[in-house]
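The values are calculated or read from the model by the stated rules, or taken from the named source; none is laboratory data. Note that the coordinates shown come from a computational prediction; the quantities given were computed from them, not determined experimentally. Note: ideal-geometry Cβ built from the backbone for every residue, glycine included; neighbour counts use all protein chains shown. Please note that ligands, DNA and RNA were not included when accessible areas were found on the heavy atoms of the full protein model with its side chains. Shrake-Rupley method; radii C 1.70, N 1.55, O 1.52, S 1.80 Å.
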Amino acid sequence: HNVYANVGYFSRVPYFTFLITTANRLVKETLNEELYSAELGYGYRSKKFALQANAYYTLWNNKPTAVSFTIDGEAVRALAGDMGARHMGLELDFTWKPWKFLSVEGMASLGDWIWNKQARAQIIDESDAIVDEVVFDPRGVKVGDAAQHTYSLSTRWMPIKRLYIMPEFQYFSQN
């Protein structure tokens, strides 16, 4: 058995693509991204079974993000430099080895990632010039680019040494 806890603070310069537009224009007032995180977990290991479970809570401030809007029926591109997000969730994975040549592995990740503060975006025209700034409110909208829920189950069968067959089922939801 093991129990663990982590807390952390992280500050980093945003990725270069959020600092300079493709037309070599500097994005105004870009701040360092800041992350505050806490995690609590439990693990169990025996000869035939292993289990790992954890819960996490992260606040991500000043997260730069490319966004798009519709203003007066026209789609526009924008860079939002001060987005804020809250990521929290539960994760579980296990391995069961009833015999040397067979194992069953599974995992589940249940996340709730949302934008959590008002933001401002610099609107960019076709030549990547910054033409305007707009304040918008994405609070409660799910953070994109990753599934909020992920599940996996596989069986690994090793008929001979150094050869295995491993069918795997994966399911992703709330993308």
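Multiplying the residue separation of Asp72 and Leu92 by 0.36 nm and removing their Cα-Cα distance gives an extension gain of 2.6 nm.
What accessible surface, in Å², does a 1.4 Å probe find on Asp112, ignoring ligands, DNA and RNA and rounding to the nearest 10? Result for Asp112: roughly 50 Å² accessible.
Between Gln118 and Ser11, the modelled label-to-label distance comes to 2.5 nm, taking each label 7 Å out from Cα in the direction of the beta carbon. The lysine pair tally for the chain, using Cα distances under 25 Å and a gap of 8 or more places or different chains, is 13.
Between Lys48 and Ser127, the simple spin-label model (points 7 angstrom out along Cα→Cβ) gives 7.2 nm.
For a paramagnetic label modelled at 7 Å from the Cα of Val134 toward its Cβ, which residues of the range 68-107 fall within the zone defined by backbone nitrogen distances under 13 Å? Output list for this probe position: 68-80.
Of the trypsin sites (Lys or Arg not before Pro) found in the range 82-131, those that fall in a DSSP loop while having at most 10 other beta-carbon atoms within 10 Å are Lys100. Rounded to whole numbers, the Karplus 3J(HN,Hα) couplings from phi for the range 104-117 are 10, 10, x, 7, 9, 10, 10, x, 9, 10, 9, 6, 10, 8 Hz, using 6.51 cos²θ - 1.76 cosθ + 1.60 with θ = phi - 60°, and x at Gly and Pro.
Here each label is just a point 7 Å from Cα along the line to Cβ, and for Tyr171 and Leu40 those points are 2.8 nm apart.
Let me know the shape class of the range 7-166, please: from the alpha-carbon gyration tensor, a ≥ b ≥ c as square roots of the eigenvalues, rounded when a/c is under 1.5, otherwise prolate if a/b is greater than b/c, or oblate. Since a/c reaches 1.5 and a/b is larger than b/c, the shape of the range 7-166 is classed as prolate.
A 1.4 Å probe run over the chain, with the rest of the protein chains in place, finds 65 Å² accessible per residue.
Hey, got a sec? Which trypsin sites (Lys or Arg not before Pro) in the range 123-175 land in a DSSP loop and have at most 10 other Cβ atoms within 10 Å?
The qualifying sites are Lys161, Arg162.
For the options Val104, Val131, Val141, a Gaussian network treatment of the chain with springs between C-alpha atoms closer than 10 Å singles out Val131 as fluctuating the most. In the elastic network of the chain, a GNM with C-alpha springs shorter than 10 Å, the most mobile of Ala55, Ala129, Ala147 is Ala129.
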